[in-house]
1. Assuming Glu96 fulfils every condition listed in (1) touching a residue at least 24 places away in the same chain (Cβ under 8 Å); (2) farther than 12 Å from Asp41 by Cα; (3) under 33 Å from the mean Cα position of the chain (by Cα) apart from one, which condition is it?
2. Given the conditions (1) touching a residue at least 60 places away in the same chain (Cβ under 8 Å); (2) outside the structural domain of Ser213 (by TED's automatic domain parsing); (3) not acidic (Asp, Glu), and given that Ala168 satisfies all but one, which numbered condition is not satisfied?
3. Take the conditions in a strand (DSSP E or B), over 24 Å from the mean Cα position of the chain (by Cα) and buried (at least 18 other Cβ atoms within 10 Å of the Cβ) and apply them to Leu44. Does it pass?
4. Among (1) without any contact (Cβ under 8 Å) to a residue 40 or more places away in the chain; (2) surrounded by 19 or more Cβ atoms within 10 Å (Cβ to Cβ); (3) assigned to a helix (DSSP H, G or I), there is one condition Thr203 misses while meeting the rest; what is its number?
5. Name every residue in segment 266-310 that is of a type in the set (Gly, Ala, Ser), in contact with a strand residue (DSSP E or B) (Cβ under 9 Å, 6 or more places away or on another chain), part of a helix (DSSP H, G or I) and surrounded by 20 or more Cβ atoms within 10 Å (Cβ to Cβ), in order of residue number.
6. Which members of segment 324-359 meet the condition of being of a type in the set (A, V, I, L, M) and either more than 23 Å from Leu51 (Cβ to Cβ) or not assigned by TED's automatic domain parsing to the domain that holds Gly250 (or both)?
7. Restricted to segment 38-68, and to residues that are of a type outside the set (Val, Ile, Thr) and free of Cβ contacts under 8 Å to residues at least 24 places away in the same chain, which residue is farthest from Lys162 (Cα to Cα)?
8. If I ask for residues that are within 14 Å of the chain's Cα centre (by Cα) and either small (Gly, Ala, Ser) or modelled with pLDDT under 95 (or both), which ones from segment 312-356 would you list?
Amino acid sequence: MSHANRDAPARVEKSVAPITSQERESRILEARKRMEAQGLDAILLEPGSNLYYFTGIRWEQTDRTMLAVIPARGPIGYICPRFEEARLREQMLFGEDVRVWEEHENPYHEVAGLLRDRRLERAKLGVEQTLRFFVYDGIRGAVPHAALTPADSVTIPCRSNKSEAEIALLQHAADLTVEAFKVCIAQLYEGMSREEFIDNTVTAHKKLGVAGSIDVQFGPGTSFPHGSTQFTHLRENDVVLMDGGCTVEGYHSDMTRTLVFGEPTKRQREIWSLEQEAQAAAFHAARLGAPIEEIDAAARRVIVAAGLGPGYETPGLPHRTGHGIGLDIHEDPYIVQGNRSPLAPGMCFSNEPMIVIPGEFGVRLEDCLYITEDGGRYFTDPSPSIDVPFADEPHA
């Protein structure tokens, strides 16, 4: 493939709008409908992607407890350190009830007070799957008569079906990452270190106005699905596996390209083409209403038919075929055996079967897609060939 010098990413001329307060309000209404259906009286959210999804509040997780309580009925309430109250109120779009605690005080007394004032001290409270244990334990001790139960039946379906606005943000993030990949591929040279490549990817994304990075593996290091600590410098004829993305308004891109620095061998071409076939089979299985696990099965059938595997055995595909993407780079739905949930419009996920040849190399092609009434639609076009990572580039 060509390694022509290219220092600056192409400008992606596209304006994208952040999520509006009206859309967040509709998310809260949807969550309340699901709470009613599940018999939940409220859900409790820590700082993180669920808090941002519903309230628009960006808040870092620390050892100081901050919570939002979204009841099935009534206004949202918040608990935070007193010295952070002004910062919290700057961001609040919904509700006015903020309970504060001083540094020497127990924050869970404020949680109990808020719940008691809402007559929820004996309620069924949903907690998100990522809630840290010390927070869970503090809540449990403060409201011993409340029933704490997973909120997944509310948060996961709300977030799994993306709106047009969310899909637009994901598309913009993907477009930017394509440009960053192109720049950094063109900068490969023999002897380059992994660290230099990664630094280049951070710079490329920064020039595009976003935070992002791309990890890279060289040669035999590509046979480790998440990388090796060895094989840190690029050599002629190495397989190069690059995986990364950026965020736009909190929404992630995620893409992987695999190529050869030099002339690919016959074996490298064969395995790359098999990977391409497996990725295509997974995409064609992404039909509206089909069980999610069928996508994984379709990719695996291609690989097993070629004499690799079976199951997660290597040489073959050692992991699931994909993961949901949105405010978290890995989120529901997971494209894995046993997930029989039907594919629905707005679901967004990666398609990334990987073929690992232990001790030699690995090939992964990853492109994310979303489900429409007509089936799957890619955010990024798959690689045409081992020599041409992007569909809009001329053949070398």
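The values are calculated or read from the model by the stated rules, or taken from the named source; none is laboratory data. Since the model is a prediction, treat every value here as computed from it, not as a measurement. Cβ sites come from the backbone with ideal geometry, for glycine too, and all protein chains shown count toward neighbours.
1. Going through the list (1) touching a residue at least 24 places away in the same chain (Cβ under 8 Å); (2) farther than 12 Å from Asp41 by Cα; (3) under 33 Å from the mean Cα position of the chain (by Cα), Glu96 breaks only (1).
2. (2)
3. The answer is no for Leu44.
4. (2)
5. Selection gives Ala278, Ala282, Ala299.
6. Selection gives Ile335, Val336, Leu343, Ala344, Met354, Ile355, Val356, Ile357.
7. Asp63
8. Gly322, Gly324, Gly326, Ser350
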